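These notes are about the structure you will find just below.
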Protein chains: 2
Amino acid sequence: MEGLLISDNAKGGDTALATDFYELAMAAAYFYSYDHSNFPDSSKVKGIFEMFVRRLPKNRSYLVAAGLEQVLYFLMKTRFNNEQISYLRSLEVFKQVHDDFFKYLRKFKFTGSVWAVPEGTILFPNEPLIRVEAPIIEAQIIETYLLSMMNFQTLIATKASRIVTSAKDRSVIEFGSRRAHGPQAGLLAARASYIAGCIGTSNTLAGFKLGIPVFGTMAHSFIMSFEKEQTAFKQFIKTFPTGYLLVDTYDSIAAIKKIIKSRIKTAGIRLDSGDLYSLSVQARRLLDNAAGGKYSNTKIMASGELNEYLIQDLVSRCAPIDSFGVGTELSTSRDDPALNGVYKLVATRILPKFLIKNRRPASEKIHYTLKTSPAKKTYPGGKQVYRILENGLIKSDLVALEDEKEPQLEAPPLLQKFLDNGKILLRLPSLNGIRAYHLDQIKTLPQKFLNLDIVQESFPVSYSNRLQAEIRNFRPK
Amino acid sequence: MEGLLISDNAKGGDTALATDFYELAMAAAYFYSYDHSNFPDSSKVKGIFEMFVRRLPKNRSYLVAAGLEQVLYFLMKTRFNNEQISYLRSLEVFKQVHDDFFKYLRKFKFTGSVWAVPEGTILFPNEPLIRVEAPIIEAQIIETYLLSMMNFQTLIATKASRIVTSAKDRSVIEFGSRRAHGPQAGLLAARASYIAGCIGTSNTLAGFKLGIPVFGTMAHSFIMSFEKEQTAFKQFIKTFPTGYLLVDTYDSIAAIKKIIKSRIKTAGIRLDSGDLYSLSVQARRLLDNAAGGKYSNTKIMASGELNEYLIQDLVSRCAPIDSFGVGTELSTSRDDPALNGVYKLVATRILPKFLIKNRRPASEKIHYTLKTSPAKKTYPGGKQVYRILENGLIKSDLVALEDEKEPQLEAPPLLQKFLDNGKILLRLPSLNGIRAYHLDQIKTLPQKFLNLDIVQESFPVSYSNRLQAEIRNFRPK
């Protein structure tokens, strides 16, 4: 019997095998290919990989980068243990692979360098979120985990940013754990949503592990377990004087009338079905008109299959709703649940063979790589992004090769170096710091990118002359 | 720094807090409400909850139940530790909650009973997948975890079943870990896909933990790391004589010609972009016409944004493709990424107060519950489903109250009792056993439910007379 959680401990837990099998097959092939008379030792071949997104998910006009902290944690911790290696050795397909490769895996750790945009950064298609430079086996093995973490958190942060924007000055709380893709996805969605401006989550573990404010009202089952609805309300408020009451189990308006008639003092009510505009207007009127103004401070929360379009509509009609609980649509990014982030080899760096045995080479050989398959072209070389602002708004992003030093590159670079030879360089920002940074970032986005009704298809991104020349001059061999 | 995996150990790990906060708020309110002079002790109030799906995801005509093993594991293992309880006590909203509730949580374990349909069972809307009967606090606290596990695995098994059906006699392999919603979602998707008939997965951890066959070819980066494409092919086959070669890095047809010209012996090739029909026809012709019949056994695998509709089209046109690798569309259930499974209180069972202190009661008081909110109605009472087959095909499902004993109920019940007072009753089937059971189940589904082009909106489900009478007679108080 298997619970199928992925364990996480100082020895890397299950993370090393949470990968596509082909990463390990390629690792073995690299190991032997490059340890062959015609090639250098595999540790002398470095791969430079970049993660980027070719096309935005449906309806999206920008991306919010998220997930880096978990990727860095993984890179520093992941290891193969004996049991995992025994499993790999038992596979038929590995039967011709020799001991020395498995000995290599047993000692495997990530020793490369990582540049990335800070979490919460706004990005456009084809701009790198992460650049990895490491011995090619290391850079390859980490691909699947890096992609699954970055793709999901970036997907959700992007969706949450749209929802938070649509709510204007009303609060948004992430409520989607029950529909998220398993317990870990619920936790990751809570984190990404908070980065993008939600004020909290229903996920208790996100409160415990990350300090995110947790919120919750009550479920229909609580009401239904009592013979009378108003008994349930009274009992709940007795335990939670600041609690919210869920009113739609039988009839929302009738329930609000019962609350007022029974003089149940409540901080808020939650509407969860029906026409939320009309119910919120009726509810506000009933609460405001109650004798003695006793309910004029009672808040109204709305939930139930909400998304950015429905919230924008409610807000534009001035529905008297103070906060929105958003679940399924947010935590699964329901209108497009996949971010097509890819992780591509953009260059190799090879120490010339004749130099390896003698001395450190004066200069390494760099070889740019790119794909030319239809609709899957890549830009070669390790890259940096320079963002130019005008009046506080993004005017243009220039993508250039990392080692370019041209005058137009005076804008600050977006990618920072986080890991150097496997070791962390920067103190990572707190989650509240990331959230504040994102809320500043969103202010730099020109209004048209925030428009939910017109999806942007062109982006303020240009490529340096050298980069364009590299693409023109590339010929596959 | 936080890796955000959810730990799993014999003491329950993080699972107890992987829940919506309102479950814990309701737990406290139940604890005090029912330990009050007008109410029995909360442990004497049992809740009967059912998990079911109101509406199928878009385009779906049936469900494949999956996730039960992980739910049972969770129910048997989950516990609150001191650190988790300290966190809860620190929350402002819990400040009026007394010690005795937290002492209760510290000793919490699930002592209830669980009935469920075996994993792999075909179901229709409004039929229970799981029925839980437990002291109401226990039954409530487990809601979020149960839903997130069942919703996701059932969602993916259902999608996978459609994809496997569309592929007819060709094999389908799950390839979606990099786009799944985090590392755990990748693992859960691999399990659910295998149950529904995929022959394997790219997820290595699914091989290690569950014995699912793992598959993998190579990525573009491997090709790109060598100066010449054919060098990469040769080096890979040297390590993996049974490996498949990815041909679309630069030009698929040119790559196949290089393989043949360089006499690289390969078990298979993988097409990953472009017009898969035309490329597969050209590839097969090149391979079959190669001198000496050396490549007539070389297989063709296709991948790249495939789904059931694209596969159905390729298969109906007899594309010479031997296997399909399906990633994003499968592992995120892309056309509808959420299963709206809900967990609703259908009855409470209360020991009459005057009997509690004296002796075991002759009969408990049962109270059926249902919601009447718009579009969210529920059916009251603990239920069982009886399936009637005709000529080996599903003719009708009868949903009845669990204690009904009518002559028409002679068909075998679909829900089996798995847990009794917190203890496992049945030896769980192996994953291969579940998969074989599902492949038998799918044969009982009338053809129209397997049609991808016409979505079924009515289902062969009826309700017993007693159940219908209970709904008619219910009046909210």
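Table for the structure above
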{"item": "Positions within region B:343-370 being at pLDDT 80 or above and either within 9 Å of another protein chain (Cβ to nearest Cβ) or closer than 24 Å to B:V71 by Cβ (or both), in sequence order", "result": "B:Y343, B:K344, B:L345, B:V346, B:A347, B:T348, B:R349, B:H367, B:T369"}
{"item": "Complete set of residues in region B:125-146 that are out of contact with any Ser or Thr (no Cβ under 8 Å at 6 or more places or on another chain) and either surrounded by fewer than 21 Cβ atoms within 10 Å (Cβ to Cβ) or farther than 22 Å from B:L68 by Cβ (or both)", "result": "B:P125, B:N126"}
{"item": "Region A:229-260, residues that are assigned to a helix (DSSP H, G or I), over 25 Å from A:E305 (Cβ atoms) and in contact (Cβ under 8 Å) with a residue 24 or more places away in the chain", "result": "A:Q230, A:K234, A:I237, A:K257, A:K258, A:I260"}
{"item": "Options B:A436, B:A411; residue that is at pLDDT below 95 and under 17 Å from B:L123 (Cα atoms)", "result": "B:A411"}
{"item": "Of the criteria (1) part of a loop (DSSP other than H, G, I, E, B); (2) touching a Leu at 6+ places or on another chain (Cβ under 9 Å); (3) within 14 Å of another protein chain (Cβ to nearest Cβ); (4) under 29 Å from B:V64 (Cβ atoms), which one B:I321 fails", "result": "(3)"}
{"item": "Residue check, B:I311 among the aliphatic types (A, V, I, L, M), away from chain A (no Cβ under 14 Å) and closer than 25 Å to B:V64 by Cα", "result": "yes"}
{"item": "Residue count, region A:292-309 (criterion: without any contact (Cβ under 8 Å) to a residue 24 or more places away in the chain and outside any loop (DSSP other than H, G, I, E, B))", "result": "2"}
{"item": "Per-region count, region B:141-157, residues more than 10 Å from chain A (Cβ to nearest Cβ) and under 15 Å from the mean Cα position of the chain (by Cα)", "result": "2"}
{"item": "Test: residue in region A:130-141 that is part of a loop (DSSP other than H, G, I, E, B) and modelled with pLDDT of 95 or more", "result": "no"}
{"item": "Residues satisfying the stated conditions in region A:213-223, i.e. in a loop (DSSP other than H, G, I, E, B) and facing chain B (nearest Cβ under 7 Å)", "result": "A:F215, A:G216, A:T217, A:M218, A:A219"}
{"item": "Number of the exception - B:S42 against (1) more than 11 Å from every other protein chain (Cβ to nearest Cβ); (2) modelled with pLDDT under 95", "result": "(1)"}
{"item": "Qualifying residue in region A:320-330 (condition: modelled with pLDDT under 95 and surrounded by fewer than 17 Cβ atoms within 10 Å (Cβ to Cβ))", "result": "no"}
{"item": "Check on A:K109, in a loop (DSSP other than H, G, I, E, B) and within 14 Å of chain B (Cβ to nearest Cβ)", "result": "no"}
{"item": "Residue list for region A:170-191, restricted to those being more than 11 Å from B:A185 (Cβ to Cβ) and more than 13 Å from the chain's Cα centre (by Cα)", "result": "A:R170, A:S171, A:V172, A:I173, A:E174, A:F175, A:G176, A:S177, A:R178, A:R179"}
{"item": "B:D335 under 29 Å from B:P125 (Cβ atoms), surrounded by fewer than 19 Cβ atoms within 10 Å (Cβ to Cβ) and of a type outside the set (V, I, T)", "result": "yes"}
{"item": "Answer from A:L467, A:L428, A:L439 - the residue that is farther than 25 Å from A:P135 by Cα and touching a residue at least 24 places away in the same chain (Cβ under 8 Å)", "result": "A:L439"}
{"item": "Residue that is surrounded by the most Cβ atoms within 10 Å (Cβ to Cβ) [pool: residues in region A:54-101 that are under 19 Å from A:A25 (Cβ atoms) and more than 10 Å from chain B (Cβ to nearest Cβ)]", "result": "A:F80"}
{"item": "Residue that is surrounded by fewer than 24 Cβ atoms within 10 Å (Cβ to Cβ), among the aromatic types (F, W, Y), more than 7 Å from chain A (Cβ to nearest Cβ) and over 30 Å from the mean Cα position of the chain (by Cα), where the choices are B:F226, B:F233", "result": "B:F226"}
{"item": "Sole exception among (1) modelled with pLDDT of 95 or more; (2) out of contact with any Leu (no Cβ under 8 Å at 6 or more places or on another chain); (3) of a type in the set (V, I, T) for A:V93, by number", "result": "(1)"}
{"item": "Residues that are more than 12 Å from chain B (Cβ to nearest Cβ), part of a helix (DSSP H, G or I) and touching a residue at least 40 places away in the same chain (Cβ under 8 Å), drawn from region A:158-208", "result": "A:T158, A:A160, A:S161, A:R162, A:I163, A:T165, A:S166, A:S193, A:Y194, A:I195"}
{"item": "Out of A:A189, A:A180, sole residue that is in contact with a Ser or Thr (Cβ under 6 Å, 6 or more places away or on another chain) and farther than 21 Å from A:G433 by Cβ", "result": "A:A180"}
{"item": "Failed criterion for A:D251 (all others in (1) crowded, with 19+ Cβ neighbours inside 10 Å; (2) of a type outside the set (A, V, I, L, M); (3) at the interface with chain B (Cβ under 10 Å from one of its Cβ atoms) hold)", "result": "(1)"}
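The values are calculated or read from the model by the stated rules, or taken from the named source; none is laboratory data. The model shown is predicted, which means the values in this text are computed figures rather than measured ones. No Cβ is skipped: glycine too gets one built from the backbone with ideal geometry, and neighbour counts run over all protein chains shown.
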